[in-house]
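One structure is given here, and the rest of the page talks about it.
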Amino acid sequence: MQITHNEIASPHNITLEPQSWVSKHADYLYAYALTRINDREQARDLVQETFLAALEKADKFEGRSSERTWLTAILKFKVIDLYRKNASGLAKRMKHNTVEQGDQDFFDIDDGHWNDQHRPKEFGIEQPDALENKEFQRILGLCMQKLPSLWLSIFTMKHMDEESTETICEALKVSASNFWVIIHRTKVNLRSCLQKNWI
């Protein structure tokens, strides 16, 4: 196989085609970034940074994954770096006590679970396709935009990227107890916002 100057071969004979990244992957990567940071301009910037970083690291591409999977992994690290930057200082200001008085109304102080009277009610959208509902997604996105950046970062890493608690705490420099406080407060805020704007 002859490699053109626009193609980069990996050890596994999977060829990178940087000249087609924008047409093949830009929309997908932009949507990925936008769902995690809720900022259109920043999402565009991250996609551009991802393409630049991929060009710089093209010789390290081993072909063990598809081109899109590799680009998405680079973008994921860019998003985490942004989370870390946005969270800088906020984590240090978090109090080291586990659950403040206001949270005790919602959560059991011993096990962290919802108290019965504050347990989330069904939204009436529990059918299998509920999360595909565009209006619900739009409102959820608006509610997430209202979260402080550290809360949004933690919530997104935990519930969208399914990262482990240990990974999140290490990446964002928060203690495990602060992590759980933030997760609880985020759920309370999102629930309240959804109940106000969706139901």
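Every read-out reported here was derived from the displayed coordinates using simple, explicitly stated rules and does not represent laboratory data. The structure presented is a predicted model; accordingly, all values stated were derived computationally and were not measured. Here Cβ is always computed from backbone atoms with ideal geometry, including for glycine, and neighbour counts include all displayed protein chains.
Things to note:
- Note on region 167-184 and region 16-31: Cα centroid distance 33 Å, given to the nearest whole angstrom.
- Highest mean first, the peptides 52-59, 173-180 sorted by other C-beta atoms within 10 Å per residue fall in the order 173-180, 52-59.
- Taking a Cβ cut-off of under 12 Å around residue 27, the surrounding Lys, Arg, Asp and Glu residues balance to a net charge of +3, with basic ones at +1 and acidic ones at -1.
- Stretching residue 133 away from residue 42 to a fully extended chain increases their span by 30.2 nm, per 0.36 nm per residue minus the current alpha-carbon distance.
- Computed from the C-beta positions of residue 84 and residue 146, the FRET efficiency with R₀ = 25 Å rounds to 0.75.
- Rounded FRET efficiency, nearest 0.05, which uses the C-beta distance separating residue 77 from residue 164 and R0 of 22 Å: 0.85
- Computed FRET value (nearest 0.05) for residue 175 with residue 35, which takes r as the C-beta separation and R₀ as 25 Å: 0.40
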